[in-house]
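Everything on this sheet refers to the single structure shown next.
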Amino acid sequence: MDIDLLKRFGSIRIFAKGGKLAPHKPLLLLYALAQFKNERIERIVFSDAESMVDPLIQTYGPFNAKTSVTYPYARLANDKSGIWWIEKHEKNASGDLSLAEARDRDLKAGFSEDVLRKFRENPKLIDLVAINLLDRNFPPSLHRDILDAVGLYLGQDELEVVIRKKRDPRFRGIVLSAYYEQCAICKYDIKMNGAAVALEAAHIQMHSAGGPDEVTNGLALCVIHHKLFDLGALTVDDDMNVRVSERVVGDWGRKLNDEFHERPIALPRSTSMAPAPQYIHWHNRQVFKGVVR
């Protein structure tokens, strides 16, 4: 294991001012990792990165995220980590990469030469770097989706490491017990041989964003509502009512809105276990793809 390389990737600034989620850099890096691992492509071109990564920024970034892949495409090269390279280019009035130039020239970028050399010598480092990026930036419920979206495939053992790493194994049991082993939104509670099935303990404030493994930062959610919660399709407000994003569409989106929007969640067995306001506010501001009034 190359500890130095992992530290360099771990040192990149991943949050914007005020703690606002900014997954632009990790998403671009994961895409570049996939390109190198799958096709040995060392220099990606802007048009490909834009078409692949921009939709992911909208999906996994904060509500009304206006930053495109243009931002990390050049800014990564300014990080002291020295992990990124980009062709020489002009800067706009704000000191950033010009979108017009990036498109016209199909500007090339990629990992710095010493990083590429390390990947060539030890391809396993690609997976380790990907695990590090996922663990530090995204909730576990979204890891497989993100990897699929960028085309990067890890072995099952590696992915399990991401899911287990640095998390209190007692968190799930405490949260599920607090909510009577049922989904706080839909009250799903199927069990087999006495064990809850497809029911999970969701962090309200993401673990990777400093959210603690405490019951007041947890909700018992079925796998569907857990993923929708982590994607920002729904949230919970101060009155413990469900809020569904107006971005949710389709027949099932209509059902989600009709059945749960502005309806109260199933509260835990004690008021001391209820979601804490600071974690609810964090999710409302940082993750929910809508406005909570």
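The values are calculated or read from the model by the stated rules, or taken from the named source; none is laboratory data. Predicted, not measured: the structure shown is a model, and the values here were computed from it. Glycine also receives a Cβ, built like all others from the backbone with ideal geometry; neighbour counts cover every protein chain displayed.
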Note to self: Looking at 116, 29, can you tell me which residue is closer than 14 Å to residue 12 by Cβ, in a helix (DSSP H, G or I), in contact with a helix residue (DSSP H, G or I) (Cβ under 9 Å, 6 or more places away or on another chain) and outside the structural domain of residue 245 (by TED's automatic domain parsing)?
What the structure shows: 29
Notebook entry, point to check: Exactly one of (1) modelled with pLDDT of 90 or more; (2) within 30 Å of residue 172 (Cα to Cα) is unmet by residue 105. Its number?
Noted result: (2)
Next item on the list: Could you tell me whether any residue of region 209-228 is buried (at least 21 other Cβ atoms within 10 Å of the Cβ), more than 16 Å from residue 185 (Cα to Cα) and touching a residue at least 60 places away in the same chain (Cβ under 8 Å)?
Entry: no
Next item on the list: Considering every residue within region 229-241, establish whether at least one is closer than 16 Å to residue 60 by Cβ, surrounded by fewer than 16 Cβ atoms within 10 Å (Cβ to Cβ) and not assigned by TED's automatic domain parsing to the domain that holds residue 133.
Entry: no
Check: Hey, residue 152 hits all of (1) in contact with a His (Cβ under 9 Å, 6 or more places away or on another chain); (2) assigned to a loop (DSSP other than H, G, I, E, B) but one; which does it fall short on?
Finding: (1)
